[in-house]
Amino acid sequence: MRLILAIAMLLLSAPAWAHKPSDSLLSLTVQHDRIEGRWDIALRDLDDAIGLDADGDGAITWGEVRTAHEKIAAYALSRLTVTSGETGCPAQAPRHLIDHHTDGAYAVLLFTMICPATIDTLRTEYRLLFDLDAQHKGLLRLTHGQETTSAIFSQESPSQQFKIGDISLWRQSRQYIREGIWHIWLGYDHVLFLLALLLPAVLRRVAGRWEPTPDFLSAFWEVLAIVTAFTIAHSITLGLATVGLIALPSRLVESAIAASVVFAGISNLHPTLVQRRRLVTFLFGLIHGFGFASVLSDLGLPRGSLALSLVSFNLGVEVGQLAIVATFLPLAYGLRKSWTYQRLVLVSGSLGIAVLACAWLIERALDLKLFPL
Amino acid sequence: MIATGWLALSIPSLTSGEPFLPQQDAQVLERVSVKAANPVAREISALRTSLVHDPQDIGVAVALATKLIEQSRSEGDPRFLGQAQAVLNPWLNHATPPPSALLLRAMIRQHAHEFDLALADLDVVLGLEPTNAQAWLTRASIYQVQGQYEDARRACQPLLRLAGRHVAHTCLADIASLSGQATMSREMLTSSLERPGVSARERLWILTILAEMTARTGDVKAAEKHFLEAQGLGIKDHYLLGAYADFLLDQGRAQEIVTLLQRETRADGLLLRLTLAEQALHLSASKDHTAELAARFAAARERGNRVHVREEARFTLALLHDPQAALTLAQANWEIQKEPWDARLLLESALTAGSRNAARPVIDWLNTNRVEDRKLQQLVAQFPKEQS
């Protein structure tokens, strides 16, 4: 009794934290019917639970942890139940790594869970270590597309439920639209290709010379025709490549895109080619579609809603493209009569675009890095 | 050897985030206690084994939980508190938990700064067992931390009948030293020390209170003597180390802190003092340690922990040099606990941030209770006089 009396008195004013209470860090990334998991559990806690220090020398070595992998995975994963709807999602943990956190070394368990269908409602039940440490907490980070949710599991709240499905269909579509817009804006090659083709649209060839178009409407129809040709062409190949009907090596595609920009620039200096702009646009548009497709596949394609993502991304590309055209057309139309436009913008601009694209072509074809665009 | 291992371990944590595959089986990843060499660990493991044989035995469970709480105390490691609570859980989940389990839960909750929950547990315990000295003492401690000295004093009084005289006297003297009776308290404590039958742990407790009290009143010589005497008892005590380091810091003896604490980087409260000393000495290690502490505070926030607000305020003020943020933390901390250090942090941050208004609750508290603390009085004197 005396002993504990004294301790109690001292306890009260002690800085109660120091070291750190036991936490594990669980991160789940949900994609359709799959969950990629990373679970960091302190070696100290695992040692208390299943005994890692096999030789009892007070030092936990990598050898001891490595040979205990099956045991660690079985112990941890039997204390985490993830269900999608009514059915459980069994886990596979092929390997684990090590990481250091503020309070020491952690086993990093990497695992994959496969649910029977695309996940709509995710239920997680966490029971790790509560029987040994009532103040243990599981810090969860749940990622789904662009969304990240965090939650804390404790003995008092071991279960959490997350809604993944329905709402995210619209969200997912929005995300792909946004990606499409950004891709056309940030992919300078597409922008320059389009601009090169549009530069002569406010002019027309009369008796071997450039003349401004007489009215806005005829410039508008010309631009519309070019943009439509580009859109139809790249939509065809984007679709075909995305569903897997055609596949081209990306280096070839990227080089061809650069070549298309060179060609578009130079063609403005050759009036005969200018006459066939719509056809040229269509043919090269096919190549650009392959470029879009590789971006889309990098974003990851949901099996369940492939069509939705494809259409959304394509829509985004068109929206981004329209924004460029809407800025270009009034400006070019206003300037079309000036010497600056006919000489400087059209000729030098086209030349400049061609030179820049030439550099891209060399870079991409030879796999070099000339400048950071 | 172990110390170098620990130091080496604390460095990679700065770059946490990228998991790796160790290259060699022999690579040491973590140090744990060696059961064969550590008597406390052996005792704990023996108690665990008996509890496995007879899971219904509350006597064993209480003994084990007590040991774990004690271990948390000496190592400054809150993991043991969670383990103690887990041992008691089967009884705590009853509709009417037995008082022995509730009492320990109150102590665990006190440690987690859940003061109101702890007091509620103690009310139940004392309702069932009005002669439970430990429950009275714990209640007195909580009221004292909360700055409710009248309630604390009332909780000490039953100890005169229920426990050794020196226990009651120490309980009362600790409170009295904060409320205008430092001289009397000092005499009471000194005479308590001379009583026969004072255990080593009780001696440690009394000496620590005495050392801090004399340091507060500015008797540096006496404080030094009591600190050294307490250290000399040979009981590892995390709180004592921290208090002694604070004393040395105030005396400008940073070099001694580096010697004292350089192996204590695992305990965050002690790492904080070590880093402060390193900063005072312009040692390059203070940079790494500041980053390390920042990572630990971030980890605690992630968990939703509010136990460390005092340390975080001190860290923010003295190492991050951000008086505004420190003031906010010190004010939040003052809502929870009101010990001299809490007052000091609020005063120092308010002073640096140039806000007399923020310091007012502490100044009122000092005046109401007639707290004798030279450092606090010096700080108050630095505020510009109020214009009435």
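All conditions but one from (1) touching a Phe, Trp or Tyr at 6+ places or on another chain (Cβ under 9 Å); (2) surrounded by fewer than 16 Cβ atoms within 10 Å (Cβ to Cβ); (3) not in a loop (DSSP other than H, G, I, E, B) apply to B:Gln71; the one that does not is (2). So for the stretch A:87-102 (the condition being within 17 Å of B:Pro22 (Cα to Cα), buried (at least 16 other Cβ atoms within 10 Å of the Cβ), within 7 Å of chain B (Cβ to nearest Cβ) and of a type in the set (S, T, N, Q)), does at least one residue qualify? Checked the stretch A:87-102: no residue is within 17 Å of B:Pro22 (Cα to Cα), buried (at least 16 other Cβ atoms within 10 Å of the Cβ), within 7 Å of chain B (Cβ to nearest Cβ) and of a type in the set (S, T, N, Q).
Does A:Ala256 satisfy the criteria of being farther than 26 Å from A:Leu308 by Cβ and either touching a helix residue (DSSP H, G or I) at 6+ places or on another chain (Cβ under 7 Å) or surrounded by 19 or more Cβ atoms within 10 Å (Cβ to Cβ) (or both)? Considered against the rule, which asks whether it is farther than 26 Å from A:Leu308 by Cβ and either touching a helix residue (DSSP H, G or I) at 6+ places or on another chain (Cβ under 7 Å) or surrounded by 19 or more Cβ atoms within 10 Å (Cβ to Cβ) (or both), A:Ala256 comes out as yes.
Within the stretch B:249-267, is there a residue that is under 30 Å from A:Gly138 (Cα atoms), buried (at least 16 other Cβ atoms within 10 Å of the Cβ) and either more than 11 Å from chain A (Cβ to nearest Cβ) or out of contact with any Leu (no Cβ under 6 Å at 6 or more places or on another chain) (or both)? Within the stretch B:249-267, one or more residues are under 30 Å from A:Gly138 (Cα atoms), buried (at least 16 other Cβ atoms within 10 Å of the Cβ) and either more than 11 Å from chain A (Cβ to nearest Cβ) or out of contact with any Leu (no Cβ under 6 Å at 6 or more places or on another chain) (or both).
Looking at B:Leu204, is it closer than 23 Å to B:Lys338 by Cβ and either out of contact with any Lys or Arg (no Cβ under 6 Å at 6 or more places or on another chain) or at the interface with chain A (Cβ under 10 Å from one of its Cβ atoms) (or both)? If you could, list the steps in order and put the result at the bottom.
On the way: closer than 23 Å to B:Lys338 by Cβ: no; either out of contact with any Lys or Arg (no Cβ under 6 Å at 6 or more places or on another chain) or at the interface with chain A (Cβ under 10 Å from one of its Cβ atoms) (or both): yes.
In short, no.
Residue count for the stretch A:35-63 under the criterion of being assigned to a strand (DSSP E or B), facing another protein chain (nearest Cβ under 7 Å) and surrounded by fewer than 23 Cβ atoms within 10 Å (Cβ to Cβ): the result is 2. Restricting attention to the stretch B:89-105, does a residue exist that is within 22 Å of A:Asp47 (Cβ to Cβ) and facing chain A (nearest Cβ under 9 Å)? Yes, the stretch B:89-105 contains a residue that is within 22 Å of A:Asp47 (Cβ to Cβ) and facing chain A (nearest Cβ under 9 Å). Of the residues contained in the stretch A:101-110, one or more are found to be under 29 Å from B:Phe297 (Cα atoms) and outside any strand (DSSP E or B).
Among the residues of the stretch B:288-306, not a single one is in a helix (DSSP H, G or I), within 28 Å of B:Pro384 (Cβ to Cβ), more than 11 Å from chain A (Cβ to nearest Cβ) and in contact with a Leu (Cβ under 8 Å, 6 or more places away or on another chain).
Residue count for the stretch B:92-114 satisfying the condition of being among the hydroxyl-bearing types (Ser, Thr, Tyr) and either in contact (Cβ under 8 Å) with a residue 40 or more places away in the chain or outside any loop (DSSP other than H, G, I, E, B) (or both): 1. Got at least one residue in the stretch A:12-26 being at pLDDT 85 or above and of a type in the set (Phe, Trp, Tyr)? No, the stretch A:12-26 has no match at all.
The values are calculated or read from the model by the stated rules, or taken from the named source; none is laboratory data. These numbers come from a predicted model, not from an experiment. With ideal geometry, Cβ positions are generated from the backbone for all residues, glycine too; neighbour counts draw on all protein chains shown.
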